[in-house]
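Encoded as structure tokens, the structure appears first; notes follow it.
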Amino acid sequence: MGFQSTINNEILITDNGLYVPLGDKGRVYFNNYWLRDNCPTSFNIKTRERVFDIFHLETAPIAQNAFLDSQALVIEWQNEHHISRIPLTTLHAYASGKRRPDPADIPRQAWYGDHFSEVARFTYDEIQSDKSKLLAWIKAMIVEGVSIVNEMPDSDDALTSLVKKMGTVRPTFFGDYFDVRTHINPTNTAFTASALELHTDVPAEEQAPGIQFLHMRANSVEGGLNLFGDGVAAANDFREIDPEGFRLLSETDIPFFCEHDTYDMRAYHRVIELDKHGEVSGLTISQHMLDFIDLPQEFLDQYYPAFCRFGRLLQSDKYIMKFSLKATECIVFDNHRIVHGRAAYSANSGERYLRGTYADRAEMRSTYRALLSEGGRSSYFKAA
């Protein structure tokens, strides 16, 4: 079939789609498949899932007639006894061919070593009972990547309840939860009283957990200062200071491992992570879980010096908050962004007990969107 030129109410109908007048946007083209597939009747009102299967159409969808009616585009389809009414608001939203706006895609705010007094703080009861505080908590996690929840009950259930306000407990090969205290036969440096270098957790997994929770249940030891730094701030500075080093660390996958008697985990990650905008989203770094870097030795002539330059930069006081987490406090942070560590402490000077777990970063953003949208696109699915 050749190009058609039927015009109905200023709508131009062609073999492949429609040109629809949209105010100051002018006449905008929409593909027939897209229009038919996104008819409001294509979705189940209750499940909000697509129930129309465009694969079952025997012929390509072609408009027999189309016109504007109130706030909708009405299309009568050839070869089907079907009429679509598509809201003009939807056509405006997708006219540019760009990704659907995401309320959880919020610009990050980098912070430095003097940030501790400004860390977002909430009480456990506020997050449990106040929707506005819950929303503010999750927004702080997206923007700054770190927060502190105060007045935590001294119980395992309290940590679980806190995680569930954001998402679900995300297990690792260590289990659903982990307890950080001095062990007689440790399988991890964290289970000793030694200093713990700055790192992100569980890099030996293909998809490292996104959000980490550390609930301090007891802390009366001498030493053991908590060390936290923003990988976004350090990597952004590194990009300015050493563009070639930044390129190497943001484009090269290197190996991490974690093995003991019953497990042997291995994964490859880039030290500096970039998001879809090309902005730094975080880090994957852990000296105690770095495997032998299995790259050509000649390439390492460039890579290793850059790796070490960034590691030294990351450890400088400019980036690191130093503080002592108190009993009843839970620090929550983005494990793909925030590096954390610990100074050594005297194991015999008192008690130090942390209980930790993880949640998924995508689930956190999902909760944020749901809290903002109050039902998302549910009204669209009823527009048939």
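The values are calculated or read from the model by the stated rules, or taken from the named source; none is laboratory data. What you see is a predicted model, and the numbers here were worked out from it, not measured in a lab. When we count neighbours, we look across all protein chains shown, and the Cβ atoms used for this are built from the backbone with ideal geometry, even at glycine. Areas reflect the complete protein model, heavy atoms only, side chains present, ligands, DNA and RNA absent. Shrake-Rupley method; radii C 1.70, N 1.55, O 1.52, S 1.80 Å.
Side notes on the structure shown:
- Residue that is nearest to ARG27 (Cα to Cα) [pool: residues in region 55-67 that are part of a loop (DSSP other than H, G, I, E, B) and touching a residue at least 24 places away in the same chain (Cβ under 8 Å)]: ILE62
- In region 126-159, residue surrounded by the most Cβ atoms within 10 Å (Cβ to Cβ) [restricted to those that are among the acidic types (Asp, Glu) and under 21 Å from ALA370 (Cα atoms)]: GLU144
- Flag if GLN297 is in contact with a Leu (Cβ under 9 Å, 6 or more places away or on another chain) and polar (S, T, N, Q): no
- Any hit, region 96-114, residues being closer than 30 Å to MET216 by Cα, open to solvent by 70 Å² or more (accessible area, probe 1.4 Å) and out of contact with any Asp or Glu (no Cβ under 9 Å at 6 or more places or on another chain): yes
- The residues in region 237-250 that are surrounded by fewer than 19 Cβ atoms within 10 Å (Cβ to Cβ) and either basic (Lys, Arg) or within 15 Å of THR284 (Cβ to Cβ) (or both) can be counted, and the count is 3.
- Among the residues making up region 210-262, those that are acidic (Asp, Glu) and within 17 Å of CYS308 (Cβ to Cβ) are ASP237, ASP242, GLU244.
- Residue identified as more than 30 Å from PHE122 (Cα to Cα), among the hydrophobic types (A, V, I, L, M, F, W, C) and either open to solvent by less than 10 Å² (accessible area, probe 1.4 Å) or touching a strand residue (DSSP E or B) at 6+ places or on another chain (Cβ under 7 Å) (or both) among ALA344, ALA306, ALA234, ALA327: ALA306
- Pairs where the first residue, in region 305-331, is among the small types (Gly, Ala, Ser) and the second is assigned to a helix (DSSP H, G or I), C-beta under 7 Å, 6+ apart: ALA306/GLY245; ALA306/LEU248; ALA306/LEU249
- Residue match in region 36-43 (condition: under 31 Å from the mean Cα position of the chain (by Cα), open to solvent by 40 Å² or more (accessible area, probe 1.4 Å) and at pLDDT 95 or above): no
- Considering region 194-208, the residues that are hydrophobic (A, V, I, L, M, F, W, C) and assigned to a loop (DSSP other than H, G, I, E, B) include one that is farthest from ILE148 (Cα to Cα), namely ALA204.
- Qualifying residue in region 251-265 (condition: touching a Cys at 6+ places or on another chain (Cβ under 6 Å) and either within 19 Å of PRO209 (Cβ to Cβ) or open to solvent by less than 10 Å² (accessible area, probe 1.4 Å) (or both)): yes
Yes/no per residue for (1) under 30 Å from ASP154 (Cα atoms); (2) without any contact (Cβ under 8 Å) to a residue 40 or more places away in the chain:
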{"site": "GLY223", "(1), (2)": "yes, no"}
{"site": "LEU227", "(1), (2)": "yes, no"}
{"site": "LEU248", "(1), (2)": "no, no"}
{"site": "PHE256", "(1), (2)": "no, no"}
{"site": "PHE292", "(1), (2)": "no, yes"}
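- Subset of region 58-87 that is open to solvent by 30 Å² or more (accessible area, probe 1.4 Å) and within 37 Å of the chain's Cα centre (by Cα) - its residue that is nearest to LEU22 (Cα to Cα): GLN71
- Selection within region 112-148 - within 21 Å of the chain's Cα centre (by Cα) and charged (D, E, K, R): ARG121, LYS131, LYS133, LYS139, GLU144
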